[in-house]
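For reference, the structure discussed in these notes is given below.
The values are calculated or read from the model by the stated rules, or taken from the named source; none is laboratory data. Just so it is clear, the structure is predicted and the values come from calculations on it, not from any experiment. Ideal geometry is used to build each Cβ from the backbone, glycine not excepted, and the neighbour counts take in all protein chains shown. The area values use the complete protein model at the heavy-atom level, side chains included, leaving out ligands, DNA and RNA. Shrake-Rupley method; radii C 1.70, N 1.55, O 1.52, S 1.80 Å.
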Amino acid sequence: MLSQEIFHAISLLHRLILRFKKLHVEIESKLPNVGTTIFTVMSVLAAEHEAINLGQGFPDFPMDEELVSLVNSAMKSGHNQYIHMNGHMGLREVLAEKVEYLYRTNIHPESQITITPGGTYALYTALTTILHPADEVIVFEPAYDSYIPAIELNGAKAVSIQLSFPEYRINWDDVRKKITTGTKAIMINSPHNPTGSVLSPSDIESLRSIVKDTNIIIISDEVYEHLIFDNKQHESILKYPDLLERSFVCFSFGKVYHCTGWKLGYAISSPYLMQEFRKIHQFNCFSCDTPKQVALSQFLKKREPYLGLGAFLQKKRDFFQRLMQGTGFEPLPSYGSYFQVYSYKNISDENEKDFAIRLTRERGVACIPVSAFYQATINNKVLRFCFAKKESTLEAAAEKLQGL
């Protein structure tokens, strides 16, 4: 009897071991140097300590109720099935009209615009369209965190050039020195994440002189197109037909209409490049959210929401600056985007990541260390704050930072 009980016990133990035994499978990581992003780390830390999250770039105020109603109406009207791979034609047509109005450039909605699930997807697809192993892409750092992984996933090499600190300007002589026979593309971002710097007409002329008579492609991240301040003009690649011929220009509806969770954007390029872009797109996303495209095709006809966006966000930037005057933080110029970089050199000698973590834990305010946007180890003692928040949120955050 005892031996039978022992047998059953051993059998049960064996089944439990088999059930919970971890299957060990090994793969060679395509991104061996990449871990959890700093945005996730800081957001989790913010939640853990119930901190005010000025780290990630998303508004905490509501989007336009009219646009919400238009989406609701589109769904109730039956616009819930797959839409054309290239995007809703009505939306592409109104985008072409917008480009002509803003930049005096004629864009064909059928052959030059593709709707994408967000701006980051558009950037990734553009890179995947052009890159082959051993190609080189020039990237300016600090850089949005998806750029270099997207390059490396395509077997190419990111060639980093640091923007001059503290102005965060491009040294075009450095760019010329980095151009090789392997240079396939140059990535630009204006208004710039994370610093809020913007490209000038002279920057565009320098870029034009570098790519002239080459096969270099331009990848232009313009998701903050309308979030530009202090009477600066957005130098879109769309303004320059000769550069557009060799460019992918990527945009985001989420940044413009306060709905980052929609993950809806678009890319504009020359007909030839867009044809290749769509070859990748059709086997990846294929089709984007239908009712939101239908709604946007109506809402985009109203110009005031995007034309007034810069002034709207500039007020928030200025409001937060005034609040931060009571702290030891020093603002660096921000001419666009959701963000402003602040120096803490008069507050602490800690590195950026450690100081950002301490602010979250001890002061209850989460932000992002700008060093996270570099591949190399950098410590300029600057942090990125998102000011695209309600005034009450900014007031509460600044209050927590008083006395530093």
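Solvent-accessible area of segment 117-243 (1.4 angstrom probe, protein heavy atoms only): carbon and sulfur portion equals 50 percent. The distance between label points at residue 165 and residue 301 comes to 5.0 nm (points 7 Å beyond Cα on the Cα→Cβ vector).
Relative contact order of the chain: what whole-number percent is it, with Cα pairs under 8 angstrom and at least 6 residues apart?
Details: 727 pairs, mean separation 96.7, N = 404.
About 24 percent, as a whole number.
Taking 14 Å as the cut-off, the amide N atoms of segment 244-279 that come nearer than this to a point 7 Å along the Cα-to-beta-carbon line of residue 110 belong to 271. Computed from phi, the 3J(HN,Hα) profile of segment 147-163 under the Karplus parametrisation 6.51, -1.76, 1.60 (θ = phi - 60°) reads 4, 5, x, 5, 5, 5, 4, 8, x, 9, 10, 7, 9, 8, 10, 7, 5 Hz, with x in place of Gly and Pro. Applying 1/(1 + (r/R0)^6) with r as the Cβ-Cβ distance of residue 349 and residue 58 and R0 = 35 angstrom yields a FRET efficiency of 0.65.
Taking all protein chains into account, the per residue accessible area for the chain stands at 48 Å² (1.4 Å probe).
Rounded to the nearest 20 debye, the dipole size of the chain about its Cα centre is 460 debye, using +1 on the Cβ of Lys and Arg and -1 on the Cβ of Asp and Glu. Here the 3J(HN,Hα) profile of segment 308-323, calculated from phi with Karplus coefficients 6.51, -1.76 and 1.60 at θ = phi - 60°, is x, 5, x, 5, 4, 6, 4, 4, 5, 4, 5, 4, 5, 4, 4, 5 Hz, Gly and Pro shown as x.
The translational diffusion coefficient of the chain, from Stokes-Einstein at 25 °C and 0.890 mPa s with a Kirkwood hydrodynamic radius over alpha carbon pairs, comes to 107 µm²/s.
Couplings for segment 76-86, taken from phi via the Karplus curve 6.51 cos²θ - 1.76 cosθ + 1.60 with θ = phi - 60°, read 5, 7, x, 8, 10, 9, 3, 10, 3, 3, 7 Hz in order; Gly and Pro are left as x. Quick one: pull the percent of accessible area on segment 258-404 belonging to carbon and sulfur, 1.4 Å probe, ligands and nucleic acids left out. Of all accessible area on segment 258-404, carbon and sulfur atoms account for 45 percent. Once each part is reduced to its C-alpha centroid, what is the distance from segment 274-350 to segment 226-249 in angstrom? Between the Cα centres of segment 274-350 and segment 226-249 lies a distance of 15 Å. For the chain, the residue among 281, 378, 211 whose Cα projects farthest onto the positive side of the dipole built from Cβ charges is 281. Below 18 Å, Cα to Cα, which aspartates and glutamates can residue 30 reach? Residues fewer than 8 away in the same chain don't count. Those aspartates and glutamates meeting the cut-off are 135, 136, 145, 152.
Remark: segment 265-404 carries a charge dipole of roughly 420 debye about the Cα centre, counting +1 on each Lys and Arg Cβ and -1 on each Asp and Glu Cβ.
Treat segment 65-174 as a sphere of radius equal to its Kirkwood radius over Cα pairs and apply Stokes-Einstein at 37 °C in a medium of 0.692 mPa s; give the translational diffusion coefficient in µm²/s, rounded to a whole number. Answer, rounded: 190 µm²/s. Projecting the Cα positions of 259, 103, 72 onto the charge dipole of the chain (unit charges on Cβ atoms of Lys, Arg, Asp and Glu, taken about the Cα centre) puts 72 furthest along the positive direction.
When each of the peptides 253-261, 383-391 is scored by the mean number of other C-beta atoms lying within 10 Å of its residues, the order from highest to lowest reads 383-391, 253-261.
If R0 is taken as 25 Å, the Cβ-Cβ distance between residue 379 and residue 44 corresponds to a FRET efficiency of 0.60.
Under conditions of 25 °C and 0.890 mPa s, segment 288-349 yields 169 µm² s⁻¹ as its translational diffusion coefficient, taking Rh as the Kirkwood radius over Cα pairs in the Stokes-Einstein equation. For the listed peptides 180-186, 76-82, 44-50, 195-201, a ranking on the average number of other beta carbons within 10 Å per residue, highest first, reads 195-201, 180-186, 44-50, 76-82. Rounded to the nearest 20 debye, the dipole size of segment 129-169 about its Cα centre is 40 debye, using +1 on the Cβ of Lys and Arg and -1 on the Cβ of Asp and Glu.
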